[in-house]
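Beneath this line is the structure, given in structure tokens, with notes to follow.
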There are 2 protein chains.
Amino acid sequence: MLSKSSKYAIKAVLFLALNSNDKKKVMVKDISEPINVPQAYIAKLLQELSRQNIISSSRGFKGGFYLSDNNRKQSIMSIVNVIDGEKNFNSCMLSLNECDEDKPCPLHKSLYPFKSSIIRNLESISIKDLALEVELGNAFLPL
Amino acid sequence: MLSKSSKYAIKAVLFLALNSNDKKKVMVKDISEPINVPQAYIAKLLQELSRQNIISSSRGFKGGFYLSDNNRKQSIMSIVNVIDGEKNFNSCMLSLNECDEDKPCPLHKSLYPFKSSIIRNLESISIKDLALEVELGNAFLPL
DNA sequence: TCTTAAATATGATTTTTATCATATTTTTGT
DNA sequence: ACAAAAATATGATAAAAATCATATTTAAGA
Ligand code: FES
Ligand code: FES
């Protein structure tokens, strides 16, 4: 479903959503521990997310990672796309090709509608939305 | 979602459902080509499925793989369980742990119901069911 | 301007998954 | 019994994903 890396990345971004802003930056070593991901590994993922403008960062003394208001509007899928690649979810459940509505594989009819809902959800849920669920106590961290 | 190996295995089993029975066995080299999977690789998967009694086989001259009537009643999930391992699907969308209803992760509420439907479908669809869809022209092979 | 603390770039290593190769065992037909 | 043809067992190699290590660049503060 989601790769280990994507899960890690989402957890890290959520952590930033809850614990950072333009004024308050967080450095990798203070992110890696609470989300239970090796520091060097999450660092690499965060760098990639920053390069793709999913999250923000500034380096040097007093630097760190953080989320701007704009960053928070991004969808969860945008994180996954950066880490796992765009076409990860479009692949057919049974083959290595893309899912083809006109020539569906045997599993398409019964499974694709649900998979499609998952995709649409990931696309429509913003980082801010998810963070709010945690703040409201409807969902739990850390993991 | 499904590993490459599981996809391969399902394709092979479907091929057997459509082209074999107790009287008509098929050997690996005649399975691998039509389903587009390397022979040595699918051989290994089929052996494992046979050992776990998902499919049937007999060796030696005139031997091969085939599906008995009982084999056909198995669910698609049983194939996946053998190849990818039982707990592959139970894992949380956001963590490495099992999905926990009482302490749901932030993605649980919006995604789990759909994932759950996919799981239930895989558990309820039999090999025979899937083969029928192909025979009726509702789904297409090869892939 | 210099030191320090941070991200960044790059690449090496390890682990897992996928793939390939081959010797052994079993069954059937002669 | 024997020869041939099949699955089976075992393990080696290759590719991809995950993890670790380290040198470089950048920014803040003294
Ligand atoms: S064609 Fe296979 S899932 Fe759509
Ligand atoms: S707890 Fe994460 S998907 Fe259920």
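With Cα atoms defining each centre, region B:55-100 and region A:1-71 are spaced 38 Å apart in the structure.
Rounded to two decimals, what is Rg over Rh for chain B when you use alpha-carbon atoms and the Kirkwood radius? Reported Rg/Rh (Cα atoms, Kirkwood Rh): 1.03.
Think of it as helices only: each DSSP H run of n ≥ 4 in the protein assembly as shown is worth -39500 (n - 2.57), and spread over all residues that comes to -16500 deg cm²/dmol at 222 nm. Leaving ligands and nucleic acids aside, the B/A contact buries around 3500 square angstrom of accessible area in total at a 1.4 Å probe radius. When B:123, A:133 are compared by accessible area of protein heavy atoms, the largest-first order is B:123, A:133, using a 1.4 Å probe. Counts of other chain beta carbons within 10 angstrom of each beta carbon in peptide B:131-142 average 3.
Quick one: order B:48, B:33 from most to least accessible surface, probe 1.4 Å. Could the numbers behind the result be given before it?
Working: B:48 55, B:33 145 Å².
Output order, biggest surface exposure first: B:33, B:48.
Taking Cα atoms only, the orientation of helix B:39-51 departs from the longest principal axis of chain B by about 80 degrees. Modelled spin labels at residue A:24 and residue A:70, positioned 7 Å past Cα toward Cβ, are 2.3 nm from each other.
Ranking A:134, A:37 by solvent-accessible area of protein heavy atoms (1.4 Å probe, all protein chains present), from largest to smallest, gives A:134, A:37. Taking a sphere under 12 Å around the Cβ of residue B:98 and counting the other residues whose Cβ falls inside, with K and R at +1 and D and E at -1, yields a net charge of -2.
At a temperature of 37 °C and a viscosity of 0.692 mPa s, determine how fast region A:62-138 diffuses translationally according to Stokes-Einstein, using the Kirkwood radius over alpha-carbon pairs as Rh; express D in µm²/s, rounded to the nearest whole number.
Approximately 224 µm²/s, per Stokes-Einstein.
For the peptide A:4-10, the mean number of other protein chain Cβ atoms found within 10 angstrom of a residue's Cβ is 3.
With a 10 Å cut-off around each Cβ of A:96-109, the average count of Cβ atoms from other chains is 5.
For residue B:129 and residue A:59, what is the calculated FRET efficiency with R₀ set at 51 Å and r taken between the beta-carbons, to the nearest 0.05? Before the final figure, lay out each step's value.
Details: r = 57 Å, r/R0 = 1.11.
Step by step, r from the Cβ atoms, then E = 0.35.
The Cβ shell under 10 Å around residue A:82 holds other residues with a net charge of -2, Lys and Arg each +1, Asp and Glu each -1.
Each residue, residue A:41 and residue B:47, gets one label point 7 Å from its Cα in the Cβ direction; the gap between the two is 3.2 nm. At a probe radius of 1.4 angstrom, the accessible area of the protein assembly as shown per residue rounds to 52 square angstrom.
Between identical copies, the spacing of residue B:129 label points, each set 7 Å from Cα toward the C-beta atom, reads 3.0 nm from nearest to farthest. Each copy carries a label point for residue A:109 at 7 Å from Cα along the beta-carbon vector; from one copy to the others these points are 3.6 nm apart, nearest first. Against chain B, whose longest principal axis is taken from its Cα atoms, helix B:4-19 shows a tilt of about 40°. Axis between A and B by rotation; chain A residue with nearest Cβ and distance in whole Å recorded as A:114, 2.
If you fit an axis through the alpha-carbon atoms of helix B:108-124 and take the longest principal axis of the Cα set of chain B, what angle between them do you get, 0 to 90°, nearest 10? Between helix and principal axis, roughly 20 degrees. Taking only protein heavy atoms and a 1.4 Å probe, the accessible area of chain A is 48% carbon and sulfur.
Treating each Cα of the protein assembly as shown as an identical point scatterer and summing with the Debye formula, the log10 of I(q)/I(0) at q = 0.12 Å⁻¹ comes to -0.80.
The values are calculated or read from the model by the stated rules, or taken from the named source; none is laboratory data. Nothing here was measured: the structure is a model prediction, and the numbers come from that model. Cβ sites come from the backbone with ideal geometry, for glycine too, and all protein chains shown count toward neighbours. Each accessible area value is taken on the protein alone, full model and side chains, heavy atoms only, with ligands, DNA and RNA left out. Shrake-Rupley method; radii C 1.70, N 1.55, O 1.52, S 1.80 Å.
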